[in-house]
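Asker: If you scroll down you'll find the structure; I have some questions about it.
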Amino acid sequence: MNRMNKQTKWGVTVISVIAGFMLAVQFQTMRSPKLKDNRDAWELRSSILDEQQKQSKILAETTRLEHQLENYDVKQNTGKEQALKQTLAELKREAGLTETAGGGILIRISPLKEAELLGEDFHSISPDLLRRLINELNMYGADSISINGQRVINNTVIRDINGEPKIDGYSLKNYPIEIKADAEDAQSLYDRMKVSEIIEQFFVDNLNVEISSPIKNLVIPAYKNKLEIDGMEPSEQDEKGDS
Amino acid sequence: MWLPIFGLIVGVFLGLMTDIRIPAEYSNYLSIAVLAALDTLIGGMRAYLQNLYDERVFVSGFFFNIILAASLAFLGVHLGVDLYLAAVFAFGVRLFQNIAVIRRILLAKWSKSPEKSL
């Protein structure tokens, strides 16, 4: 058996170390668990519930759309106008152009009394915070929302104009600010808002948030301004009127 | 002879101690590289026992095989063909062959001079 010279020996050893290292890394990578699902039974249950709710909502939506399709198909000759009117009404309702009434909650935002007593400066409500509140409400299933009687729709603008928070041009200077939100399940909206972190965010801004328990018949006004749609125009009518 | 084995153990120990994990999508490449490395090591051992050992061949073979295997796997992923199987096959066959040769050489040595090795 020939003897390795010293340099060769060390070369082989270094390579063995590298190979061993690679082996160990690969071994460890394969052994590491694949993103453990460590939710407990309750969390799983609630996520199942969420998914089920989503499913039933989607199913309801499908049924509604199928109905609509049927309406179009069946009444194409007789009730075409009726179907169109119905769609128009529905779209108007979805766009927030009609008054709605239903179960919902009333949120009242007022300056914190303690802060006033302490003489802390009170700044007006921040539009960002308000927007977040609206997002939160939408997230928890609110169907329509109004702020101080101004309906919040998709193109509602909430911003500071000269240091004054405004919603669609209406000032939000007078407190308390009343936010109405209605939802199919007002109780769940109430419960979720009650524990929402956003309330603490308002507290940081020296604002107090009161959430009323669910009100049975909450009326949310229609959007008052004119809807301005830029970059959209009716397509040219087809003379033959084929469908 | 024992130094490389000791090196291997040190490498495994280091790897386990440092707790390095690579992302799952690269583990394919590493697995094939490990196979290439093992193949080269065993091949080197065989060559050494057959007195054919050349350090340059060994060291270059080690890195070249690893790179080739990984790039083959990479190409396979991008072509949608499991090309890494080719490397697995080639290295696997060679591993077995080399180990068989090593076994034979060692057996022959032991049977020639049993009193010396025992």
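The values are calculated or read from the model by the stated rules, or taken from the named source; none is laboratory data. Computed from a predicted structure; not experimentally measured. Heads up, the Cβs are rebuilt from the backbone with ideal geometry, glycines too, and the neighbour counts pull from every protein chain shown. We work out accessible area using only protein heavy atoms, side chains counted, and drop any ligands, DNA or RNA first. Shrake-Rupley method; radii C 1.70, N 1.55, O 1.52, S 1.80 Å.
Asker: How big is D, in µm² s⁻¹, for region A:83-170 by Stokes-Einstein at 25 °C and 0.890 mPa s if Rh is the Kirkwood radius over C-alpha pairs?
Answerer: In µm²/s, the coefficient rounds to 161.
Asker: Give me the inter-chain shielding for B:10-20: mean count of other chain Cβ atoms within 10 Å, whole number please.
Answerer: Across B:10-20, the average partner-chain Cβ count within 10 Å equals 6.
Asker: Can you give the longest run of chain A that contains no GluC sites (Glu not before Pro) sitting in a DSSP loop with at most 14 other Cβ atoms inside 10 Å?
Answerer: A:1-98
Asker: Karplus couplings for region A:146-157 from phi (6.51 cos²θ - 1.76 cosθ + 1.60, θ = phi - 60°), rounded to Hz, Gly and Pro as x?
Answerer: 9, 10, 6, x, 9, 5, 9, 10, 4, 9, 5, 10
Asker: How do A:102-113, B:22-33 rank on mean C-beta neighbours within 10 Å, highest first?
Answerer: My ranking of the peptides, most packed first, is A:102-113, B:22-33.
Asker: Then there is this: Using a 10 Å cut-off around each Cβ of peptide A:207-220, what is the average number of partner chain Cβ atoms that fall inside?
Answerer: 0
Asker: Can you give the helix-only mean residue ellipticity at 222 nm for chain A, where every DSSP H stretch with n ≥ 4 adds -39500 (n - 2.57) and the sum goes over all residues, rounded to the nearest 500 deg cm²/dmol?
Answerer: Mean residue ellipticity, 222 nm, calculated: -15000 deg cm²/dmol.
Asker: At A:Lys54 and A:Asn138, where each label point lies 7 Å from the Cα along Cα→Cβ, what is the point-to-point distance in nanometres?
Answerer: Taking the simple label geometry, A:Lys54 and A:Asn138 are separated by 1.8 nm.
Asker: Please report Rg over Rh for the protein assembly as shown, where both radii come from the alpha carbon positions and Rh follows the Kirkwood definition.
Answerer: Rg divided by Rh gives 1.30.
Asker: May I ask you to give the solvent-accessible area per residue for region B:42-118, in square angstrom, as obtained with a 1.4 angstrom probe?
Answerer: Averaged over the residues of region B:42-118, the accessible area is 69 Å².
Asker: Then there is this: In whole Å, what is the distance between the alpha-carbon centres of region B:42-72 and region A:36-59?
Answerer: If you average the Cα positions of each part, the centres end up 55 Å apart.
Asker: OK, next. For peptide B:23-36, what's the mean number of Cβ atoms from other chains within 10 Å of each residue's Cβ?
Answerer: Per-residue shielding by partner chains comes out at 3.
Asker: Let me ask something else. How big is the A-B contact in terms of buried accessible area, both chains counted, 1.4 Å probe, rounded to the nearest 100 Å²?
Answerer: Heavy-atom accessible area buried at this interface is about 2900 Å².
Asker: Between their Cα atoms, which of A:Lys57/A:Lys224; A:Lys57/A:Lys216; A:Lys194/A:Lys224; A:Lys180/A:Lys226; A:Lys6/B:Lys112; A:Lys57/A:Lys226 are more than 24 Å away from each other?
Answerer: A:Lys57/A:Lys224; A:Lys194/A:Lys224; A:Lys6/B:Lys112; A:Lys57/A:Lys226
Asker: Follow-up question, since we're still on this one. Give the relative contact order (percent, whole number) for chain B; include only Cα pairs under 8 Å separated by 6+ residues.
Answerer: Relative contact order, chain B: 29 percent.
Asker: How would you rank B:72-78, A:212-218, highest first, on the average number of other Cβ atoms within 10 Å across their residues?
Answerer: Averaged packing, sorted descending, gives the order B:72-78, A:212-218.
Asker: Along the positive direction of the dipole of chain A (beta-carbon charges: Lys, Arg +1; Asp, Glu -1; about the Cα centre), which of A:Leu59, A:Thr13, A:Ile177 reaches farthest?
Answerer: A:Thr13
Asker: Å³ per residue of the Cα convex hull, for region B:40-118?
Answerer: In region B:40-118, the Cα hull volume divided by residue count equals 81 Å³.
Asker: Let me ask you something else. Can you work out D for region A:59-114 in µm² s⁻¹ from Stokes-Einstein, where Rh is the Kirkwood radius over C-alpha pairs, the temperature is 4 °C and the viscosity is 1.567 mPa s?
Answerer: In µm²/s, the coefficient rounds to 91.
Asker: Also, quick follow-up: Using bins 5 angstrom wide from zero, how does P(r) for region A:100-220 break down, in % of all Cα pairs?
Answerer: In order of increasing distance, the bins hold 2, 12, 22, 24, 20, 13, 5, 2, 0 percent.
Asker: Continuing with the same structure: About its Cα centre, what dipole magnitude does chain A give when the only charges are +1 on Lys and Arg Cβ and -1 on Asp and Glu Cβ, stated in debye to the nearest 20?
Answerer: The calculation lands at about 1560 debye.
Asker: Here is a further query. Where is the GNM fluctuation largest for chain A (alpha-carbon springs, 10 angstrom cutoff): A:Lys226, A:Lys92, A:Lys180?
Answerer: Highest fluctuation among the options: A:Lys226.
Asker: A follow-up question, please. Hey, what number do you get for chain B at 222 nm if only DSSP H runs of n ≥ 4 count, each worth -39500 (n - 2.57), divided across all residues, to the nearest 500?
Answerer: Using -39500 (n - 2.57) per qualifying helix, the result is -28500 deg cm²/dmol.
Asker: What distance in nm separates the simple spin-label points at A:Glu228 and A:Lys216, each placed 7 Å from Cα in the Cβ direction?
Answerer: 4.3 nm
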